[in-house]
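The values are calculated or read from the model by the stated rules, or taken from the named source; none is laboratory data. Values in this document were obtained by computation on a predicted structure and should not be read as measured data. Because the Cβ atoms are built from the backbone with ideal geometry, glycine has one as well, and the counts that use them run over all protein chains shown. SASA here: full protein model, heavy atoms, side chains in, ligands and nucleic acids out. Shrake-Rupley method; radii C 1.70, N 1.55, O 1.52, S 1.80 Å.
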Amino acid sequence: MRKYVFAALLAGTVAAPAMAQTGAPFTGLRAEAIAGYDSLESGNDDDDGVDTSDNEGDESINGVAFGVGVGYDFDLGGVVAGVEGEFTESTGKQDFDETIDAPFSSRIETGRDLYIGGRVGFKVAPTTLVYGKAGYTNTAIEGAFEGQDAGDRFEFDSNVDGYRLGAGVEQMLGSNSYAKVEYRYSNYSNLDFSDDFDLDDLDAEDFDTKIDLDRHQVMAAIGFRF
C-alpha cells in the first residue's frame, strides 16, 4: 500500500507543473522576436510646412521594423495583465526631393525605437488572448537637408518622445511557445530640429521645424515563455 501511495504522490508532483501551465498559459516571463510593417508620416494638419498641393507624392516613410521584446504577465483567470518592453530598428527611409516640389532636397530615416508599457487582455479561448496595450516610446529620427547653393547641407539626429496604443491577438503554440500579431499606433509631438542647424540659409519660406509624427505598425512575433 505504501508503494502505491508513494507512486501516486510522485505522479502528482510530476504532473503539477504541466497542469499549472495548461491552466494558466499566459503567466510568467516571456521573450520574443518581432518584425513587421512600419510607416511614419506627418500628423500635422498642414503636413510638414511644404506646399504639396500640386504634387501627388507620398510623404510617408515606409520600411520594415524588427527587434526583440520581453515581458511578464499575470494570468488572473479570464483576464491577463502584464508589463513589457521592446527594442526595435527600422529600415524606413524617404528622399523627399523625389516626391515633392521643394526648394531643397531632404532625406529622412527612422532609427531605433524603445518602448515600455503594459497590456491587459481577455482569454477568448483557453490558449487564445485578445489584448490592448499602451505605453511610452522613444524613437530616433535622422536626416539631412541640402539647399540649392552648393555647400548648404545640414544634418540632424534627434530622439523624440511619444506614446503608443495598440491591440493584438496572442496564440499559444505549445506549453511554452506562442505567436502573436498586433497593430500599434504611436504619436511623437515634440520633434524640433531647429537647434541642430540654422535653416535661414535654405530657400524654404514657412518651413516648419516642429513636426508632429504619426506611426502605424503591423507587427508579428514568435516568443517563448519561461
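Observations on the structure shown:
- If you sort 157, 75 by accessible surface, 1.4 Å probe, largest first, the order is 157, 75.
- Amide H contacts under 5 Å for residue 82, placed H, 5+ residues apart: 74, 119
- For residue 173, the accessible area of its heavy atoms, probed at 1.4 Å with every protein chain present, is near 110 square angstrom.
- Two-site FRET efficiency, residue 183 against residue 72, from Cβ-Cβ distance with R₀ of 30 Å, rounded to 0.05: 0.85
- Cα-projected label distance for residue 120 with residue 165, points at 7 Å along beta-carbon direction, nm: 1.4
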